[in-house]
Amino acid sequence: MLNFSDKLIEAIKKKDSVLIAGIDTTVENIPDYFIRKYYDDEKNEIENLKYILYEYNRRIIDAIEENVIGVKFQAAFFEQYSYYGIEVLHKLIQYAQSKKLIVIFDGKRNDISSSAKGYSNAYIGETALFDKKIKFFDCDAMTVNPYLGEDGIKPFVEDCERFKKGLFVLVKTSNPSSKDFQDLIVDGKYLFEKVAEKVHEWGASCKGKHGYSDIGAVVGATQPQAAKMIRSILPDSFLLIPGIGVQGGKVEDLKYFLDKNKMGIIVNSSRDIIYAYKNHIHSDFEKSSFIASKNFKESINSAIN
Ligand SMILES: O=c1ccn([C@@H]2O[C@H](COP(=O)(O)O)[C@@H](O)[C@H]2O)c(=O)[nH]1
């Protein structure tokens, strides 16, 4: 079985893309014509939710799969629909896996070690159930929040080692308030630099055959200055970069995130892809998302190659 970092490298080479599509769909943003077509008056709201949310995202995945290496499912957008949304998430993860796409669960999880272990079991590890061990979601990687420190991260790292999975630790996020805590000075360094140093340490035990670590960092596209500093601390980790487009991150700045091999990045775009129909690229939402993802892939490639 390939390490996560090796799987990423193979997918990047095969698809000539570093693009990840963020699946952040809410029902109110699904085109009216799609809802009108599939809403069944004979069924209740929940049955309609489950069908429409799944079907819209499934078609987006079909439309964009040739331009992206994977999909990032943002937990919030499924959890807002209670366990009905989680059921749709589970089905979509399986669908993306059937298409051989890399699946990242973006839940930014963490807790004390015993509880962190439960999150890790669910999304990248396995859960003991009677005399069996079940891999419930079996994602390739997940995002974690480092605020609780090392004992809250170790359970995830151990599962990465055991199951060849990946982790993206929040280091410098894309939102304006990221400065509130992440830019505080601790022992003469930014807190985000301290976190990056820890990511480097945690990743030393999980390296793939290409020499990259399976423990990476989330660094917002809106943070090119921080990215240069983080890259020098993390020379062989993948950076997951959200915040391009709607949040103001620029494709031209991605060069600051690259490693010495001009690699080591994956770039997420959510709303600009899943709701591309709103930009009137095409009257059909699938074609709109296809065109948006193709344009993204090509503009990123010209900026980093
Ligand atoms: O620093 C971070 C960490 C995570 N995110 C997530 O990425 C997507 C971005 O969505 P867009 O529509 O492309 O802006 C979303 O799921 C965030 O929760 C982030 O934006 N910044």
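The values are calculated or read from the model by the stated rules, or taken from the named source; none is laboratory data. Keep in mind that this is a model prediction, so the values were computed, not measured. Glycine also receives a Cβ, built like all others from the backbone with ideal geometry; neighbour counts cover every protein chain displayed.
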Just a yes or no: is a residue in region 77-91 touching a residue at least 40 places away in the same chain (Cβ under 8 Å), among the aromatic types (Phe, Trp, Tyr) and within 13 Å of the ligand (Cβ to nearest atom)?
yes
Wholly within region 71-154, strands (runs of 3 or more DSSP E) carrying at least 1 residues that are among the charged types (D, E, K, R)
102-109, 132-134
Within region 274-302, can you find the residues that are at pLDDT 95 or above, farther than 30 Å from Pro235 by Cβ and aliphatic (A, V, I, L, M)?
Ile274, Ala276, Ile291, Ala292
Here are the criteria: (1) under 22 Å from Asp272 (Cβ atoms); (2) of a type outside the set (Ser, Thr, Tyr); (3) in contact (Cβ under 8 Å) with a residue 24 or more places away in the chain. Tell me which single one Lys7 does not satisfy.
(1)
Return only the number of the condition from (1) β-branched (Val, Ile, Thr); (2) away from the ligand (no atom under 13 Å from the Cβ); (3) touching a strand residue (DSSP E or B) at 6+ places or on another chain (Cβ under 9 Å) that Ile244 does not satisfy.
(2)
Considering only residues that are surrounded by 24 or more Cβ atoms within 10 Å (Cβ to Cβ) and either among the charged types (D, E, K, R) or modelled with pLDDT under 95 (or both), which ones fall in region 62-85?
Lys72
Here are Ser270, Ser213, Ser237: which of them is under 20 Å from the mean Cα position of the chain (by Cα) and within 25 Å of Ser288 (Cα to Cα)?
Ser270
Please determine whether any residue of region 159-171 is touching a Cys at 6+ places or on another chain (Cβ under 6 Å), under 22 Å from Val103 (Cβ atoms) and of a type in the set (A, V, I, L, M).
yes
What is the number of the single condition among (1) within 14 Å of the ligand (Cβ to nearest atom); (2) out of contact with any Leu (no Cβ under 9 Å at 6 or more places or on another chain); (3) in contact (Cβ under 8 Å) with a residue 24 or more places away in the chain that Ile266 does not meet?
(2)
Would you point out which residue out of Ser289, Ser302, Ser293, Ser283 is more than 28 Å from Glu55 (Cβ to Cβ), more than 11 Å from the ligand (Cβ to nearest atom) and among the hydroxyl-bearing types (Ser, Thr, Tyr)?
Ser302
What residue, among those in region 124-152 that are closer than 16 Å to Gly70 by Cα and of a type outside the set (A, V, I, L, M), is nearest to the ligand (Cβ to nearest atom)?
Thr143
Restricting region 47-70 to residues that are assigned to a loop (DSSP other than H, G, I, E, B) and within 16 Å of the chain's Cα centre (by Cα), the residue that is nearest to the ligand (Cβ to nearest atom)
Val68
Does any residue of region 186-196 turn out to be within 16 Å of the ligand (Cβ to nearest atom), free of Cβ contacts under 8 Å to residues at least 40 places away in the same chain, surrounded by fewer than 17 Cβ atoms within 10 Å (Cβ to Cβ) and not small (Gly, Ala, Ser)?
no
Which residue pairs have Cβ atoms closer than 6 Å, lie 6 or more positions apart in sequence or on different chains, and pair a first residue in region 153-181 that is within 20 Å of Ala226 (Cα to Cα) and within 12 Å of the ligand (Cβ to nearest atom) with a second residue that is in a helix (DSSP H, G or I) and β-branched (Val, Ile, Thr)?
Val169/Val199; Val171/Val195; Val171/Ile230
